[in-house]
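Chemist: This structure is in C-alpha cells; I'll ask about it shortly.
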Amino acid sequence: ALRARMEERLLAARFRYINQQLYTSTSQEAARLFQSDPEAFKIYHRGFAQQVERWPENPVHRIIRYLRRRPASLVVADFGCGDCKIASSIKNKVHSFDLVPLSPLVTVCDMAKVPLAAESVDVAVFCLALMGTNLQEILEEANRVLKQGGILMVAEVASRFEDIRAFMNSMAQLGFKSVSK
Ligand code: SAH
C-alpha cells in the first residue's frame with residue numbers, strides 16, 4: 001500500500017510538472033515533447049482527468065450543454081480536445097484536434113496549424129487547452145477557421161491569467177467581440 005501511495009504521488013508530481021511545461025512552452029515545443037515522450041502524454045492525461053474530477057464543475061460539460069441548446073447544424077472545432085468529450089456528446093459535426101490521439105475521433109496536429117479551410121466553422125472551443133505561450137498565433141488560427149460572426153469559447157483556470165483585462169483587450173485586437181464572460 002505504501003509503494004502504491006508513493007507511486008501515485010510521483011505520478012501526480014509528474015502531471016504537475018508536465019502541465020507547467022505546457023503552459024510555459026510554445027505549442028510547437030509541446031508537440032515535440034509529446035512526440036518524443038508518449039509516456040508523458042499518458043501521465044498528463046491521467047493527471048488531468050483526476051484533477052478535473054475533483055472540481056465542482058467540469059467546464060467541458062457546460063460547453064456541451066451550451067452546444068446542445070444551439071442548432072445541430074453548427075460546425076464545431078475543438079482545439080486540444082483530449083478524449084473528445086464534445087464530439088462524443090453532440091450531434092454536430094465536430095473537428096477534434098490534439099497532439100496525440102486519445103480517441104479515433106482525433107485529428108493529430110498542433111492547434112496553431114489545423115487542417116481546416118478558412119471560415120469553415122461556426123464555433124471554436126478551447127476548453128482548458130489554451131496552454132501555449134504562442135497564444136496569439138493559436139487564436140489567429142481560430143480566427144482564420146471561424147466564419148464571420150462565429151463563436152469562440154475559452155474555458156481556462158482563472159489563476160492562469162496574469163491580467164484578464166489585458167487578455168480581453170488583446171482578444172478585441174484580434175477581432176473578437178466579448179459576448180459573455
Ligand atoms: N479539452 C479537453 C482536454 C483538455 S486537456 C477537456 O476539456 O476535457 C488539454 C489538451 O490540450 C490536452 O489533450 C493536450 O494534449 C492538448 N494540447 C496542448 N497543447 C496542444 C497543441 N499545441 N496542439 C494540440 N493540442 C494541444
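The values are calculated or read from the model by the stated rules, or taken from the named source; none is laboratory data. Quick caveat: nothing in here was measured; it's all calculated off a predicted structure. Cβ placement follows ideal geometry from the backbone for every residue including glycine, while neighbour counts extend to all protein chains displayed. Areas reflect the complete protein model, heavy atoms only, side chains present, ligands, DNA and RNA absent. Shrake-Rupley method; radii C 1.70, N 1.55, O 1.52, S 1.80 Å.
Chemist: Would you mind finding the one in E141, E119 that is on the phi > 0 side of the Ramachandran plot and in contact with a Lys or Arg (Cβ under 8 Å, 6 or more places away or on another chain)? Reasoning before the result, please.
Modeler: On the way: E141 fails: on the phi > 0 side of the Ramachandran plot.
Among E141, E119, only E119 is on the phi > 0 side of the Ramachandran plot and in contact with a Lys or Arg (Cβ under 8 Å, 6 or more places away or on another chain).
Chemist: Something else about it: Identify the residue in the stretch 158-175 that is under 14 Å from L135 (Cβ atoms) and in contact (Cβ under 8 Å) with a residue 24 or more places away in the chain and, among all such residues, is surrounded by the fewest Cβ atoms within 10 Å (Cβ to Cβ).
Modeler: R160
Chemist: Of all residues being open to solvent by 20 Å² or more (accessible area, probe 1.4 Å) and under 14 Å from the mean Cα position of the chain (by Cα) in the stretch 81-93, which is nearest to L67 (Cα to Cα)? Just the residue, please.
Modeler: Applying the filter and picking the extreme gives A87.
Chemist: Still on this structure, please answer the following. Does L139 count as assigned by TED's automatic domain parsing to the domain that holds G80, under 13 Å from the mean Cα position of the chain (by Cα) and more than 12 Å from the ligand (Cβ to nearest atom)?
Modeler: On the way: assigned by TED's automatic domain parsing to the domain that holds G80: yes; under 13 Å from the mean Cα position of the chain (by Cα): yes; more than 12 Å from the ligand (Cβ to nearest atom): yes.
Against the criterion (assigned by TED's automatic domain parsing to the domain that holds G80, under 13 Å from the mean Cα position of the chain (by Cα) and more than 12 Å from the ligand (Cβ to nearest atom)), L139 qualifies.
Chemist: Quick check on this structure: which one of Q20, Q28 is touching a residue at least 12 places away in the same chain (Cβ under 8 Å), out of contact with any Gly (no Cβ under 6 Å at 6 or more places or on another chain) and open to solvent by 40 Å² or more (accessible area, probe 1.4 Å)? Write out each step before concluding.
Modeler: Numbers: Q20 fails: touching a residue at least 12 places away in the same chain (Cβ under 8 Å).
Being touching a residue at least 12 places away in the same chain (Cβ under 8 Å), out of contact with any Gly (no Cβ under 6 Å at 6 or more places or on another chain) and open to solvent by 40 Å² or more (accessible area, probe 1.4 Å) holds for just one of Q20, Q28, which is Q28.
Chemist: Could you look through the stretch 142-157, keep only residues that are part of a helix (DSSP H, G or I) and touching a residue at least 60 places away in the same chain (Cβ under 8 Å), and pick out the one that is farthest from D98 (Cα to Cα)?
Modeler: To start, the set of residues in the stretch 142-157 that are part of a helix (DSSP H, G or I) comprises 142-145.
Right, trim to touching a residue at least 60 places away in the same chain (Cβ under 8 Å) and you get 142, 145.
On the way: A142: 14, V145: 16 Å.
Among those residues, the one meeting the criterion is V145.
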